[in-house]
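The values are calculated or read from the model by the stated rules, or taken from the named source; none is laboratory data. Because the structure is a prediction, the values reported are computed rather than measured. For neighbour counting, all protein chains shown are included, and Cβ atoms are generated from backbone atoms with ideal geometry for every residue, glycine included. All accessible areas refer to the heavy atoms of the entire protein, side chains included, with ligands and DNA or RNA removed. Shrake-Rupley method; radii C 1.70, N 1.55, O 1.52, S 1.80 Å.
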Amino acid sequence: MHFFRKTNIDFIGKRKTWYAVSIFVTVAGIVWALFRGVEFGIDFAGGTEVQLKFDKVVQIEQLRTALGNGGFRGAEVKYYGADESGVLVRVREGGAGSQAGAQTTKQVQDAIAKGIQGNNATLMQNTHIGAKIGKELQQKALIAVIFTCIVILIYLTFRFKLVYASGAVIAIVHDVLVAFAFAVICNGITPWLNLEMNSQLLAAFLTIVGFSVNDTVIIYDRIREDQKKYKGQDLKTIMNRAINETLPRTIITSGTVFLTLVVLFIWGGEVLRGFAFTMLIGVITGTYSSVFVASAISYDWLHRNKKDLAQPVSRTKTKEVAAAV
């Protein structure tokens, strides 16, 4: 299979257009997400989560009224699954829901049974996390993403050069921010799409980081090879050639992963749907940033220092490359 085998796209020449697109999408997504607000799951907020399956369809307002009468005012109630018989109830720390574990779950079930009669609710799953632990998990999640980016920056600096490593890390941050914004914006747009911030979405963000940097490293490796192969050519030409040469591999790899995630999103069930959706966004933006953003940022950085334009990507300078410079 040979897709995009003979392309000759001027990626570097159009870099300002790609910058504008990236900045617009990132900023618009973050502003919209902040305006709407981030919904943290029990993992990060603390509290008790109860999943119930009713024998018949139940109305959300009936559930809220029943829970309110039982002392659980302000409880979060939403549908999950394909119909309106599956319900997710979240009780934050404090109030009647402050008792841990089974006691809070029993209180929720009793309140619903008292308020909604003739419609039996079966307990499917319950989870309890203290508020202090949830806060710690939020901090550790942020530290995990930041630490991952720092480690990648150090590794790529040794493998290539700081300027290329910086371009890759900026592209990674771009990917995570876009995926985060889409997750916040799309959370709850349908009853079966739950995208609140929890450990599953954190795993998706970290996977996006690895996926994004993998594509970027492939392009950087080809740039390094082409600098040695086409000595004397300017960096812009070399970068464009490298991106065009690796484009078939990028499209096929990303396309395969994308199709797999589509299947996982549709048939993977409630547990994996949030992860699959976030990864779908991450694959799209990760492929985009590897092709249009990472190398372009490195080129602009080098362009400010004219003497570095013909320097090899690798930190190790061979005699042949030094002679070509």
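Could you pull out the residue among D226, D221 that is over 30 Å from G46 (Cα atoms) and open to solvent by 20 Å² or more (accessible area, probe 1.4 Å)? Show your work before the answer.
On the way: D226 fails: open to solvent by 20 Å² or more (accessible area, probe 1.4 Å).
The unique qualifying residue is D221.
Hey, can you tell me all the residues within segment 229-243 that are buried (at least 17 other Cβ atoms within 10 Å of the Cβ) and free of Cβ contacts under 8 Å to residues at least 60 places away in the same chain?
Within segment 229-243, I238, R241, A242 meet the criteria.
Considering I189, I150, I154, which residue is among the β-branched types (V, I, T), open to solvent by 70 Å² or more (accessible area, probe 1.4 Å) and under 30 Å from V87 (Cβ atoms)? It would help to see each step written out before you state the result.
On the way: I150 fails: under 30 Å from V87 (Cβ atoms); I154 fails: under 30 Å from V87 (Cβ atoms).
Step by step, each of I189, I150, I154 is checked, and only I189 is among the β-branched types (V, I, T), open to solvent by 70 Å² or more (accessible area, probe 1.4 Å) and under 30 Å from V87 (Cβ atoms).
Identify, please: which residue in segment 101-147 is small (G, A, S), in contact (Cβ under 8 Å) with a residue 40 or more places away in the chain and closer than 25 Å to V87 by Cβ and is, among those, surrounded by the most Cβ atoms within 10 Å (Cβ to Cβ)? Spell out the reasoning first.
Taking segment 101-147 first, the residues small (G, A, S) are 101-102, 111, 113, 115, 118, 121, 130-131, 134, 141, 144.
So of that shortlist, the ones also in contact (Cβ under 8 Å) with a residue 40 or more places away in the chain come out as 101, 111, 115, 121, 130-131, 134, 141, 144.
Of the ones still in play, those that are also closer than 25 Å to V87 by Cβ are 101, 111, 115, 121, 130-131, 134.
Working: G101: 11, A111: 22, G115: 16, A121: 20, G130: 13, A131: 14, G134: 19.
Looking at residues that are small (G, A, S), in contact (Cβ under 8 Å) with a residue 40 or more places away in the chain and closer than 25 Å to V87 by Cβ, I get A111.
Restricting to segment 192-204, count the residues that are closer than 16 Å to L280 by Cβ and open to solvent by less than 20 Å² (accessible area, probe 1.4 Å).
Kept after step one, since they are closer than 16 Å to L280 by Cβ, are these residues of segment 192-204: 192-195, 200-201, 203-204.
Next, from what is left, pick out any that are open to solvent by less than 20 Å² (accessible area, probe 1.4 Å): 193, 195, 201, 204.
Result for segment 192-204: 4.
Return the residues of segment 263-290 that are among the β-branched types (V, I, T) and in contact with a Leu (Cβ under 7 Å, 6 or more places away or on another chain); say none if nothing qualifies.
Let us first name the residues in segment 263-290 that are among the β-branched types (V, I, T), namely 263, 266, 271, 278, 281, 283-285, 287.
Of everything in segment 263-290, those that are among the β-branched types (V, I, T) and in contact with a Leu (Cβ under 7 Å, 6 or more places away or on another chain) turn out to be T278, V283.
Checking F44 against (1) at pLDDT 85 or above; (2) aromatic (F, W, Y); (3) farther than 30 Å from G167 by Cα; (4) touching a helix residue (DSSP H, G or I) at 6+ places or on another chain (Cβ under 6 Å): exactly one of these is not met. Which one?
(1)
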